[in-house]
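We did not get these values from a lab; they are worked out from the coordinates using the rules stated. This one's a predicted model, so the numbers in the text were calculated from it and none came from an experiment. So basically every Cβ, Gly included, is an ideal-geometry build from the backbone, and we count neighbours across all protein chains shown.
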Protein chains: 2
Amino acid sequence: MIEYRNVRVALLGAGSVGSQVARLLLEHGDELASRAGAGLELVGIAVRDVDAQRDVDLPAELFTTDAESLILGADIVVELIGGIEPARTLVLQALQSGADVVTGNKALLATHGPELFAAAEQVGAQLYYEAAVAGAIPIIRPLHDSLAGDRIVRIMGIVNGTTNFILDLMDREGATFEDALATATELGYAEADPTADVEGYDAAQKAAILASLAFHTSVPLAAVHREGITSVTIEQVRAARKAGYVVKILATAERLTDEDGTEGVSARVYPALVPESHPLASVHGAKNAVFVEAEAAGDLMFYGAGAGGVETASAVLGDLVSAARRHVIGGPGVAESTQGALPVFPIGTVRTRYQITLHVADAPGVLSTVAGVLAKHGVSVETVEQTVASGADATATLVIGTHLARESDLANTVVALRNEDVVVEITSVLRVVGA
Amino acid sequence: MIEYRNVRVALLGAGSVGSQVARLLLEHGDELASRAGAGLELVGIAVRDVDAQRDVDLPAELFTTDAESLILGADIVVELIGGIEPARTLVLQALQSGADVVTGNKALLATHGPELFAAAEQVGAQLYYEAAVAGAIPIIRPLHDSLAGDRIVRIMGIVNGTTNFILDLMDREGATFEDALATATELGYAEADPTADVEGYDAAQKAAILASLAFHTSVPLAAVHREGITSVTIEQVRAARKAGYVVKILATAERLTDEDGTEGVSARVYPALVPESHPLASVHGAKNAVFVEAEAAGDLMFYGAGAGGVETASAVLGDLVSAARRHVIGGPGVAESTQGALPVFPIGTVRTRYQITLHVADAPGVLSTVAGVLAKHGVSVETVEQTVASGADATATLVIGTHLARESDLANTVVALRNEDVVVEITSVLRVVGA
């Protein structure tokens, strides 16, 4: 049997994921070759500084600072630089040269996805990105292939390990947000500047990618509604648990029909109450999970490590073997599905349930006033729980659970409640999902 | 743009899954066409009796009893007859005619897999079988593609919904096995003859398929060690919960190295104790889940509906779209990976932990006698808990947790304990996994 020539792999970036990809390529070469049908030859690793300290010992002769020349000699380019530039320019160069590209770059995909997919399609190259969402968890391929015959209704993902770690620590050990963040930083789960995680920017990128893929439509990052977890208090987490919920920050992508009957999609990131019995509620620590609701398949969940060098390298290598198999077979490969180009709805269109906790004056008629405000805004109440404060300040606590209502109506309701004299303070407003 | 001709799909079988596949193909034709790049034309449905009552209303003119003629005019054949014959003959005919085959037939794959894959490879046809394991859950493609660059260490699957439903009912509502089985039958989760489920035959077929795929080796059904749940008692389930465990029946596929350093695999099905904190422990009702441990990716779990007509149809349609995409692209498709042909080890080689519960005489020296039996067989004790019975019969209960030991040593230990005079009765022997 004539052996297929080696498939030439160029690696861009040798950070925590890139160095593990290089190591596994070198150490497991024979095994990967038998899976791919051809040898995978690592022809070089482009880095900014060839002398920098790396996590893994790799042959010095592989390193180069000349990414452009490296790309020109490659069948498959693996981009693990991260960020927009120079990653964007290099990925475009690789695709235009006819190379397949494997990337884990969520920022790049969320902001320049359409441009990259168009460049790939023009020359019949492929762009693989399993590692860009939820690290080691296979979610891109199941959405693209396994569920290709189904219609996805909603995706809810715990796609940021740092924030899940923080919320889990608050829930399980009663830590405040600040203490939990400090622990996360100490353990290396959070970066020195945690903004991208705790403000939901990272999750929003993943929401854009998931929504675009699941609904065969282009969802720009700017259209993703985003709320972080910096305002989540330990009191909210405690009260949630008492009521049978867990607070999780979720990236949600949903197919919707608005009141005019127009079909569209919504992508959003916010902390929400998840019932304890929901599979997402038992995702602990820095783990990730993506919960998928499909019309025929019903509820599915994909669970695993959402980050980590070697874990994410597994996803990169899976894509690499797929790309290499395609080289051995030849042919133009699988194009992206036709884009449905559904409209992306603003957050106000989404229907959700709220849990609103209020301090109110403990006086006759207060409940009726509050209920009146909700009714006036078209928000229907499902549950009310009233606790009279033991102190002498004559206030009571109301916990109101609403039925499904439009986000815009709910937001207006909260503003109106704030303006009522009988309302001392609104202590917590959280969405309830999965119940 | 010239449109690709329709891809011709022949359906064999119109049971609960087949009729849903036909319905979705007819109802969602345009959407599926845009995903596949070509129309999917259902050219006919082969059944034994064209006049039989069906779950779904389908055009009468599609039905035929002549499966062989139907196959000859098809690009893709979907086999949902189940069982060995005539499914085996028809699938072979389809593959030999050059058609791709999509099947959900676990019995056929577990017993004749190598023959079918060889037939497919000979003509460059593809055999897809996502629906054969864990219904709607994408597990075959993630193992075949997403984890192609990783090395799978172990798979533990809740792959039979009926038995998970029964064990869950015993755990959550304190039902006996008999009562839980009766409820499962009443609700349609168990068949009139529940043997295939409760004795683990169904799970064993899935274990063989998962082990073959995960370890790129051929694991015959006969090599799968199998124990069902008929002997699981409510007392065992209660005691497990008290000790922080849940009893689950698991299909396990594992890569092992025996004492001679020989690499091999093991496939087995048995009820086992799973720690409450393990993701598999919170898989309730008739749901399925497959827990995968990979060298680089770490722990992954895939969760969802393991059965059901429309749910399983989702997996079939995903395969169908993949097969159709391949027709549009042309080319020989992705061959199975090179088979590693690792030896399949017998159950005795496997190292596991046991929890042994004994009634013993409440007399001095008993613990030392019992401990001596374990030590003699090379089984090391991790925990012992002794409870003295309140009654007048002068017996005590010992619950022994062992360290990892060879299954054969553990089995010999149990036999030896049974022969000790101080041992009144061995009330429970269960394996402990995932701890």
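What's the Kirkwood radius of the stretch B:72-137 in Å, using all Cα pairs? Intermediate values should be presented prior to the final figure.
Details: mean 1/r = 0.0868 Å⁻¹.
Its Kirkwood hydrodynamic radius stands at 11.5 Å.
Tell me which residues come under 5 Å, amide H to amide H, from A:Val381 once H is placed; ignore anything under 5 positions away on its chain.
The list, which skips near neighbours in sequence, is A:His403.
Could you tally up the Lys pairs in chain B with alpha carbons closer than 26 Å? Skip any pair fewer than 8 positions apart unless they're on separate chains. Present the calculation step by step, with values, prior to reporting the outcome.
Numbers: B:Lys106/B:Lys206; B:Lys106/B:Lys248; B:Lys106/B:Lys287; B:Lys206/B:Lys248; B:Lys206/B:Lys287; B:Lys242/B:Lys287; B:Lys248/B:Lys287.
Summing the qualifying lysine pairs gives 7.
If the label for A:Glu235 sits 7 angstrom from Cα along the Cα-to-Cβ line, what are its distances to the same label in every other copy, in nm to one decimal, shortest first?
5.2
Where the label is 7 Å out from Cα toward Cβ, how close does A:Thr64 come to the same position in every other copy, in nm, shortest first?
In ascending order, 5.8 nm.
Let a ≥ b ≥ c be the square roots of the eigenvalues of the Cα gyration tensor of chain A; is it rounded (a/c under 1.5), or, if not, prolate (a/b larger than b/c) or oblate?
Working: a/c = 2.79, a/b = 1.99, b/c = 1.40.
Prolate shape, in that a/c is at least 1.5 and a/b is the bigger ratio.
Go ahead and set up a Gaussian network model of chain A, Cα springs under 10 Å, then flag whichever of A:Ser314, A:Ser16, A:Ser34 fluctuates most.
In this elastic network of chain A, the residue with the biggest mean-square fluctuation among A:Ser314, A:Ser16, A:Ser34 is A:Ser34.
If you take the square roots of the eigenvalues of the alpha-carbon gyration tensor of the stretch B:214-264 and sort them as a ≥ b ≥ c, do you get rounded (a/c under 1.5), prolate (a/b over b/c) or oblate?
Working: a/c = 3.17, a/b = 2.08, b/c = 1.52.
It comes out prolate by the Cα gyration axes.
Between A:Asp258 and A:Thr427, what length in nm is gained on full extension when 0.36 nm per residue of separation is reduced by their alpha carbon distance? Before the final figure, lay out the partial values.
Details: separation 169, 0.36 × 169 = 60.84 nm, distance 3.07 nm.
In short, 57.8 nm is gained.
Among rounded, prolate and oblate, which fits the protein assembly as shown when a ≥ b ≥ c are the square roots of the eigenvalues of its C-alpha gyration tensor, a/c under 1.5 means rounded, and a/b larger than b/c means prolate? Numbers along the way, then the final one.
Working: a/c = 1.30, a/b = 1.01, b/c = 1.29.
Rounded, since a/c falls under 1.5.
Would you calculate the volume per residue, in Å³, of the smallest convex hull containing every Cα atom of the stretch A:1-135? Provide the component values of the computation, followed by the final result.
On the way: hull volume 15.2 nm³, N = 135.
Taking only Cα atoms, the stretch A:1-135 has a hull volume of 113 Å³ per residue.
At a Förster radius of 51 Å, what calculated FRET efficiency corresponds to the Cβ-Cβ distance of B:Glu191 and A:Glu191, to the nearest 0.05?
0.40
Quick one: label points 7 angstrom along Cα→Cβ at A:Thr369, distances to the other copies in nm, smallest first?
Listed shortest first, these distances are 7.9 nm.
For the stretch A:140-306, state the average projected area of the convex hull of the C-alpha atoms over all orientations, rounded to one decimal in nm². Intermediate values should be presented prior to the final figure.
Values: hull surface 40.5 nm².
With the hull built on Cα positions only, its mean projection is 10.1 nm².
Where the centre of each part is set by its Cα atoms, how far does the stretch A:242-304 sit from the stretch B:396-435, in angstrom?
Centre-to-centre distance over Cα atoms comes out at 44 Å.
Can you give the Rg and Dmax of the stretch B:350-432 based on its C-alpha atoms, in angstrom?
Over the stretch B:350-432's Cα set, Rg and Dmax evaluate to 12.0, 41 Å.
What list do you get for A:Phe177, A:Phe291 if you sort them by fewest beta carbons within 10 Å?
Values: A:Phe177 20, A:Phe291 25.
So the ranking, lowest neighbour count to highest, is A:Phe177, A:Phe291.
Could you check what % of the DSSP bridge pairs in chain B are antiparallel, to the nearest 5?
On the way: 55 of 78 bridges.
Antiparallel: roughly 70 percent of the beta bridges in chain B.
Mind jotting down the distance between the C-alpha centroids of the stretch B:138-185 and the stretch A:83-151, whole Å?
That distance is 34 Å.
Given a 10 angstrom Cα cut-off, can you work out which residue in A:Ala134, A:Ala416, A:Ala251 is the most mobile in a GNM of chain A?
A:Ala416
Among B:Val269, B:Val43, B:Val102, which one shows the biggest mean-square fluctuation in a GNM of chain B, springs joining Cα atoms closer than 10 Å?
B:Val43
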